[in-house]
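Asks: This is the structure I have questions about; it appears just below.
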Amino acid sequence: MKGNIYIYILVMAAVTYLIRALPLTLLNKEIKNRYIKSFLYYVPYATLAAMTFPVILFSTASTISAILGFATALLLAYKGKSLITVAICACAVVFVVERLIVLFNF
Amino acid sequence: MNQIEQWKSGFKDGIPICLGYFAVSFTFGIKAGIVGLTVFQTVLISVTNVTSAGQFAGIDMIAYGASYMEMALAQLVLNIRYCLMSCSLSQKLESNLFPVHRFFIAYGVTDEIFGVTICHDGKLNPYYSYGVMSSAVPGWIFGTFFGIVFGNIMPVSVLNALGIAIYAMFIAIIIPKAKESKSVRLVVLGAMVCSMAFYTLPIIKQVSAGFRTIIITVLIAGIAAWLCPINEENTNER
């Protein structure tokens, strides 16, 4: 380890915070341009979808449990269940499936 | 809704994030301990950064003694997606909002907190944001603490199961909107297909996760805005 650890932490924190704060504080007027408005409207859906898939398939100990957890989340989300219900049910399914895999030694 | 109700509603929506964060930051804590950071330093990183990829890369760089400039650049590259999110979020705030709120909201711009707040109905009330942060951020901080202090007690089976929480929550955010709007549905499918391509195709699979997200977002949201621009009614329902 070279350098001062606290300076490293300060650099990390400052860069990360500025990236977050500058657009929020500088863009304080409503954007009128229809293209940019539409673009910003679609940003979260594109971002979240890209971050979820296919990474979700590798987020647990086995792909089988991940696929079943994924399916559970899709089904419950489609039925309009709340964030917490969807998240907990997906975790529960993964937990049970992984216990079964260990139990039956698939 | 008044401020307290907004805060409560945010707090509730932040709970799944808290669970997911706990699992991820627990691993971060374990790793920081291996690199040789103290408990205080590790928790300080989590409190001041609140970002997964940036922190994991950060402790690696501290371990091999990167220059401060290198560190700054790496954080910029890994976290530049927050810039896009903040631009999007800025349009969801009332333009006459007391400016100091913007500085506080900025602290909580993470993939997950952004995902929940941006998809909340109507204009964004800062107290809703604070509510989400109040439950989500402690998950990140305590996860880090428990990871470095008790890294070897937590059963792996529980951590594995919690690993899916964040993604399940993302699905819960995007699916209801995709169900009612055809253009959002196409954006979601397009982004997932692109993301799969980035994961499997040679050469482009070497692109880091942060850049992958930026490229796909700009590409897909850019095409969607061109092909199906939103009308004024859509903007109001945001």
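Taken together, the values in this text are just the output of simple stated rules run on the coordinates, not laboratory data. Not measured: the values here are computed from a predicted model. Please note: Cβ atoms are built from the backbone with ideal geometry, for glycine as well, and neighbour counts cover all protein chains shown.
Asks: Please sort A:11-19, A:48-56, B:177-185 by packing, taking for each peptide the average over its residues of neighbouring beta carbons within 10 angstrom, highest first.
Replies: Details: A:11-19: 21.0, A:48-56: 23.4, B:177-185: 16.2.
Put in order of decreasing packing, that is A:48-56, A:11-19, B:177-185.
Asks: Stick to Cα atoms and the Kirkwood definition of Rh, then tell me Rg/Rh for the protein assembly as shown.
Replies: Values: Rg = 19.5 Å, Rh = 20.4 Å.
Answer for the protein assembly as shown: 0.95.
Asks: While we're looking at this one, here's another question. Looking only at other chains, what is the average number of their beta-carbon atoms within 10 angstrom of each beta-carbon in A:90-101? Please report the intermediate quantities before stating the final value.
Replies: Numbers: counts 10, 12, 1, 3, 8, 6, 1, 1, 4, 2, 0, 0.
Per residue, the average neighbour count from other chains is 4.
Asks: OK, next. Looking at A:F95, A:G80, A:F53, which one has the Cα that reaches farthest to the positive end of the dipole of chain A (charges on Cβ: Lys, Arg +1; Asp, Glu -1)?
Replies: A:G80
Asks: Using a Förster radius of 45 Å, what is the FRET efficiency between A:K29 and B:I153 based on their Cβ-Cβ separation? Nearest 0.05, please. Spell out each step's value before the answer.
Replies: Working: r = 51 Å, r/R0 = 1.14.
Here the calculated transfer efficiency is 0.30.
Asks: Averaged across the residues of A:71-77, what count of C-beta atoms belonging to other chains lies within 10 Å of each residue's C-beta? Don't skip to the end; give the middle numbers.
Replies: Details: counts 0, 3, 9, 4, 2, 4, 11.
Shielding by partners across A:71-77 averages 5.
Asks: Per DSSP helix of 4 or more residues, -39500 (n - 2.57); summed, then divided by the residues of chain B. What does that give at 222 nm, rounded to the nearest 500? Before the final figure, lay out each step's value.
Replies: Details: 13 runs with 187 residues, N = 238.
Only helices count here, giving -25500 deg cm²/dmol.
Asks: With the cut-off at 1.5 for a/c, could you classify chain A from its C-alpha gyration tensor as rounded, prolate or oblate?
Replies: Details: a/c = 3.28, a/b = 1.43, b/c = 2.29.
Taking the square roots of the gyration eigenvalues as a ≥ b ≥ c, chain A is oblate.
Asks: If we count every other residue with Cβ under 13 angstrom of B:R102's Cβ, Lys/Arg +1 and Asp/Glu -1, where does the sum land?
Replies: Numbers: positive: A:R20, A:K29, B:K92; negative: B:E94.
Net of charged neighbours comes to +2.
Asks: Rounded to the nearest 500 deg cm²/dmol, what is the calculated helix-only ellipticity per residue at 222 nm for chain A, with -39500 (n - 2.57) per DSSP H run of length n ≥ 4? Present the calculation step by step, with values, prior to reporting the outcome.
Replies: Values: 4 runs with 79 residues, N = 106.
-25500 deg cm²/dmol, from helical runs alone.
Asks: If you don't mind, there's one more thing I want to ask. Testing the spin-label approximation: label points 7 Å from Cα along Cα→Cβ at B:K123 and B:A63. State their distance in nm.
Replies: Rounded to a tenth, the inter-label distance reads 4.8 nm.
Asks: Testing the spin-label approximation: label points 7 Å from Cα along Cα→Cβ at B:L219 and A:N4. State their distance in nm.
Replies: Once both label points are built, they end up 4.4 nm from each other.
Asks: Quick one: which of B:133-139, B:195-201 comes out on top by average Cβ neighbours within 10 Å, and what's the full order, highest first?
Replies: Numbers: B:133-139: 20.9, B:195-201: 15.3.
Descending packing order for the listed peptides: B:133-139, B:195-201.
Asks: Provide the net charge surrounding B:V218, with neighbours chosen by a C-beta distance below 15 Å and charges set as Lys +1, Arg +1, Asp -1, Glu -1.
Replies: Details: positive: B:R81, B:R212; negative: none.
Its environment carries a net charge of +2.
Asks: Next up: Considering chain B as a Gaussian network with a 10 Å cut-off on Cα pairs, which listed residue, B:N49, B:N160, B:N79, attains the greatest mean-square fluctuation?
Replies: Evaluated over chain B, the most mobile residue of the options is B:N160.
Asks: Shielding by partners for B:108-121, please: the mean number of other protein chain Cβ atoms within 10 Å of each residue's Cβ.
Replies: If you average over the peptide's residues, the count of other-chain Cβ atoms is 3.
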